[in-house]
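Participant: One structure follows; several queries about it will come next.
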Amino acid sequence: MVRNHIAVIDFGSQYTQLIVRRIRELGFFSKLYQPGELPACGEPAAVILSGGPRSVTEEGAPDIDLEVLRAMGVPVLGVCYGMQLLSQKLGGYVAPGNTREYGPARLVPNNSPLFDGLSPNSQIWMSHSDTVKQQPPGATVAGCNQDGVPVALQFAPQWFGIQFHPEVSHSHEGIKILANFLKLAPHAEPFRIESFKAELIAMIQERAHGREIVCGVSGGVDSTVLAVLLKEAKVPHRAIFVDTGLMRKDEADEVERQFQQLGVRIQTIHAGERFLAALAGEGDPEKKRKIIGNLFIDVFWEAAANVEMLAQGTLYPDVIESATSGSIASKIKTHHNRVDRIMDLAKEGRVLEPLSELFKDEVRALGRALHIPADILGRHPFPGPGLAVRCPGEITEDKLSIIRDADAIWMGMLKSHGLYDKVWQACATLIPVKTVGVKGDERSYEFAISLRAVTSEDAMTADWARLPYDFLAQVSNAILNGVKGINRVLYDISTKPPASIEWE
Ligand code: XMP
């Protein structure tokens, strides 16, 4: 399906995913490949070799087949490790560094098309230890740092290497550098969501081949887009909604209404009691997650009996996180989309993940192309384990009820004050510690609620939203007056990292 795209070869840098993202922001389709997958890129319009933590001088360091790359006959950009690898393979000398150069530098371009239109002394971001001591024969210097040390090389008319990371925002004009590089790739096809939608629908029809496809829906953006996509593809399908009892106030009813409005028939399984019973007495966050994840699969599987094909709303960042097993990200999050039963089906070619090449904003764009209303597409992310991760320690129906009531007021007021769409995500978390307060003339001894609203690009990092004090004061009053069982409202001013967005 992917033609004339920008292939990014992953040498393991923590920034590799960002390269793909930036290319997509520039309006071109881009995909990540492992070094050994180079031949599988097909006919890309350009290739970018990413950075990586290893030294190209180490034995067994990740490598690529230069002949395959040459045969593609397309522009190549090596970033950091990618540049060092090209330098070494083309006959230069790369020396392992004893120390790591990390931080800002200034770029002094040397009349290179890569740096067209850049401001003088533009800030670039370095993060490397190896250095190119001797350039390969025929290479020219495309740019230096402020001390005259080469930081960019041109190996061939369309082959470049840069020592710094254009994909990070600390390289102030990095996106311009990537745009200049893409200008050298005339076949790079603009990424148009409408044509991508048509391709997805054709792919679903071909893969389904008359078989029934079952998908799980939650009311969230990804699964909603997926279900509507299946409907548009006119393949036999069934959408199952598992009400875990860990949903927000009236959410189960709203999900049913939402799908009715979208013309998608859903089968609702009310399993709240089973989930609460399974969670009874458990306070450990990871064990809670596992109980919920496993039970969810059990309940879903019972409903999906004899499933012929399963469709999942897995997104591109999840695929990347799962692929880089051993990464910190993969240890923090448990991926329910990759449990054994699903992997078994996948081996038989019975799992469809149509959104697996898309980032969240692209899924929203696809949703718009499918005419899904803006209020649905603009919904904040909601975690799979639901309110469980907002109820630290043991879960009880009473605690859930407090969280639901506080959350309803919090979300309602964010919406009515025009702030909901300005934050990435907001949540209300119960702090299961009783503190003393005064209600009327009486002493109270009750729990606290912590409100959180964050700004973020992709939930990997987040900052707390600077909401107006007056607004927070109104929300606090509304919650203290309207929610039984609490006498204190806090606003969480923690960044991620070190805090995560959710409390568990
Ligand atoms: P954290 O708390 O890790 O959250 O900063 C990052 C984003 O992921 C959501 N989240 C989850 N989503 N299953 C999900 O589907 C989960 O187990 C899960 N845990 C966190 C969280 O709401 C935020 O958007």
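Participant: Taking Ser169 as the residue in question, decide whether it is open to solvent by less than 80 Å² (accessible area, probe 1.4 Å) and either assigned to a loop (DSSP other than H, G, I, E, B) or not β-branched (Val, Ile, Thr) (or both).
Facilitator: No.
Participant: Read through the list (1) free of Cβ contacts under 8 Å to residues at least 60 places away in the same chain; (2) small (Gly, Ala, Ser); (3) outside any loop (DSSP other than H, G, I, E, B); (4) open to solvent by less than 40 Å² (accessible area, probe 1.4 Å), then give the number of the only condition that Ala499 fails.
Facilitator: (3)
Participant: Condition first: in contact with a strand residue (DSSP E or B) (Cβ under 6 Å, 6 or more places away or on another chain) and over 18 Å from Lys290 (Cβ atoms). Now tell me which residues in the range 353-395 satisfy that.
Facilitator: His380, Pro381
Participant: Also, I was wondering about something else. Working carefully through the options Arg443, Arg452, Arg488, Arg466, find the one that is in a strand (DSSP E or B) and more than 27 Å from Ala280 (Cα to Cα).
Facilitator: Going through Arg443, Arg452, Arg488, Arg466 in turn, the sole match is Arg443.
Participant: Which residue is farthest from the ligand (Cβ to nearest atom), if the candidates are limited to the range 426-447 and must be of a type in the set (Gly, Ala, Ser) and either out of contact with any Ser or Thr (no Cβ under 6 Å at 6 or more places or on another chain) or in contact (Cβ under 8 Å) with a residue 60 or more places away in the chain (or both)?
Facilitator: Going through the qualifying residues, I end up with Gly440.
Participant: Just checking: which of the helices (runs of 4 or more DSSP H) contained wholly in the range 1-101 hold 3 or more residues that are modelled with pLDDT of 95 or more and over 18 Å from Val168 (Cα atoms)?
Facilitator: 66-72, 81-89
Participant: With respect to the numbered conditions (1) assigned by TED's automatic domain parsing to the domain that holds Ala406; (2) within 16 Å of the ligand (Cβ to nearest atom), which one is the sole condition not fulfilled by Trp503?
Facilitator: Among (1) assigned by TED's automatic domain parsing to the domain that holds Ala406; (2) within 16 Å of the ligand (Cβ to nearest atom), Trp503 violates only (1).
Participant: Condition check: at pLDDT 95 or above and within 16 Å of the ligand (Cβ to nearest atom). Does Ile493 satisfy that?
Facilitator: yes
Participant: Is it true that some residue in the range 413-423 is surrounded by 13 or more Cβ atoms within 10 Å (Cβ to Cβ), farther than 14 Å from Leu490 by Cβ, within 16 Å of the ligand (Cβ to nearest atom) and modelled with pLDDT under 95?
Facilitator: no
Participant: Do we have Val151 as crowded, with 19+ Cβ neighbours inside 10 Å, assigned by TED's automatic domain parsing to the domain that holds Gln14, farther than 20 Å from Ile6 by Cα and touching a Ser or Thr at 6+ places or on another chain (Cβ under 8 Å) here?
Facilitator: Taking the combined requirement at face value, the residue does not satisfy it.
Participant: Quickly run through the range 239-288 and pick out the residues that are β-branched (Val, Ile, Thr) and out of contact with any strand residue (DSSP E or B) (no Cβ under 8 Å at 6 or more places or on another chain).
Facilitator: Thr244
Participant: Kindly establish whether Leu430 is assigned to a helix (DSSP H, G or I) and over 30 Å from Gln14 (Cα atoms).
Facilitator: When the stated conditions are applied, Leu430 does not pass them.
Participant: Still on this structure: Can you tell me which residue among Leu467, Leu490, Leu480, Leu451 is open to solvent by less than 50 Å² (accessible area, probe 1.4 Å) and within 23 Å of Pro392 (Cα to Cα)?
Facilitator: Leu451
Participant: While we're on this one: For His270, are the conditions met, namely being in contact with a Leu (Cβ under 7 Å, 6 or more places away or on another chain) and either more than 30 Å from Ile409 (Cβ to Cβ) or exposed (fewer than 15 other Cβ atoms within 10 Å of the Cβ) (or both)?
Facilitator: For His270, the condition - in contact with a Leu (Cβ under 7 Å, 6 or more places away or on another chain) and either more than 30 Å from Ile409 (Cβ to Cβ) or exposed (fewer than 15 other Cβ atoms within 10 Å of the Cβ) (or both) - is not met.
Participant: Another question about this same structure. When you check Glu199 against the structure, is it assigned to a helix (DSSP H, G or I), open to solvent by 10 Å² or more (accessible area, probe 1.4 Å), charged (D, E, K, R) and farther than 17 Å from Gln312 by Cα, yes or no?
Facilitator: Taking the combined requirement at face value, the residue satisfies it.
Participant: Additional query: Do we have Ala45 as over 22 Å from Gln135 (Cβ atoms), in contact (Cβ under 8 Å) with a residue 12 or more places away in the chain and hydrophobic (A, V, I, L, M, F, W, C) here?
Facilitator: Answer is yes for this residue.
The values are calculated or read from the model by the stated rules, or taken from the named source; none is laboratory data. This structure is a prediction, so every number in the text was calculated from the model and none was measured. Every residue, glycine as well, gets a Cβ built from its backbone with ideal geometry; the counts of neighbours run over all protein chains shown. To get the accessible areas, we keep the full protein, side chains included, count just its heavy atoms, and leave off ligands, DNA and RNA. Shrake-Rupley method; radii C 1.70, N 1.55, O 1.52, S 1.80 Å.
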